[in-house]
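The values are calculated or read from the model by the stated rules, or taken from the named source; none is laboratory data. This structure is a prediction, so every number in the text was calculated from the model and none was measured. Reconstructed Cβ throughout: ideal geometry from the backbone, glycine too, with neighbour counts over all protein chains shown.
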Amino acid sequence: MSFFKRAEVLTLLALGAGAAVWVLAPDGGDGGEDEGQSPVSEPVSELQILRCTLERDFGNARLDVEVRHRNSSPRPLILAPPDVRLLTEDGVEIPPFILPAERPPQIAARSTQEARLRYWLEAGHLEGELILDIRGLKAWVKSPVPLDLRDLENHKPRTWQGRIE
């Protein structure tokens, strides 16, 4: 067994063992926090609207809603209907804006994360308030004050924090 007496073989074995220990360590060397996940000690309400961006596209508009949500369920939450809905004041559900290459965002079980939801709006959707409903938790995206889509410049985003008045 003179093969294991060579210095370069012993060095490679030691480096391989060190790399295996580093990869298999419980924290993975990243400090234990996932990107987009808030620390456990930070108090967070279950649903917060962080920012909304409305971008007119001729007769329609795309609404991006950035939320922070605490999923207290033991299962991951996929942020798509029927668990997540954007409703008008009349209770009409607005369809999400879906791109084939994008998967719907999800929030891991028993964690708090930020996510971006996208919706495709028609001019009539902006006549009243918009309410985001995630498994029964509601947050107001837009107030009941009508917003005329024709007053917005085409392809120029309008951004607001929380609820637009």
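Quick check on Pro144: is it in contact (Cβ under 8 Å) with a residue 40 or more places away in the chain, out of contact with any Pro (no Cβ under 8 Å at 6 or more places or on another chain) and farther than 17 Å from Arg62 by Cβ? The answer is yes for Pro144. I'm checking my understanding of the structure. Among residues of segment 66-113 that are touching a strand residue (DSSP E or B) at 6+ places or on another chain (Cβ under 8 Å) and small (Gly, Ala, Ser), which one is surrounded by the most Cβ atoms within 10 Å (Cβ to Cβ)? Among those residues, the one meeting the criterion is Ser111.
For the structure I just gave you, tell me whether Glu33 is among the acidic types (Asp, Glu) and either at pLDDT 90 or above or in a strand (DSSP E or B) (or both). Criteria not met by Glu33.
Checked against the criteria, Glu46 counts as among the acidic types (Asp, Glu), touching a Lys or Arg at 6+ places or on another chain (Cβ under 7 Å), in contact (Cβ under 8 Å) with a residue 24 or more places away in the chain and more than 28 Å from Glu153 (Cβ to Cβ).
Among the residues of segment 114-133 satisfying the criterion of being touching a helix residue (DSSP H, G or I) at 6+ places or on another chain (Cβ under 9 Å) and among the hydrophobic types (A, V, I, L, M, F, W, C), which is surrounded by the most Cβ atoms within 10 Å (Cβ to Cβ)? Across segment 114-133, the extreme among qualifying residues is Leu121.
The set of residues from segment 83-130 being charged (D, E, K, R) and in contact with a Gly (Cβ under 9 Å, 6 or more places away or on another chain) comprises Glu89, Asp90, Glu114, Glu122.
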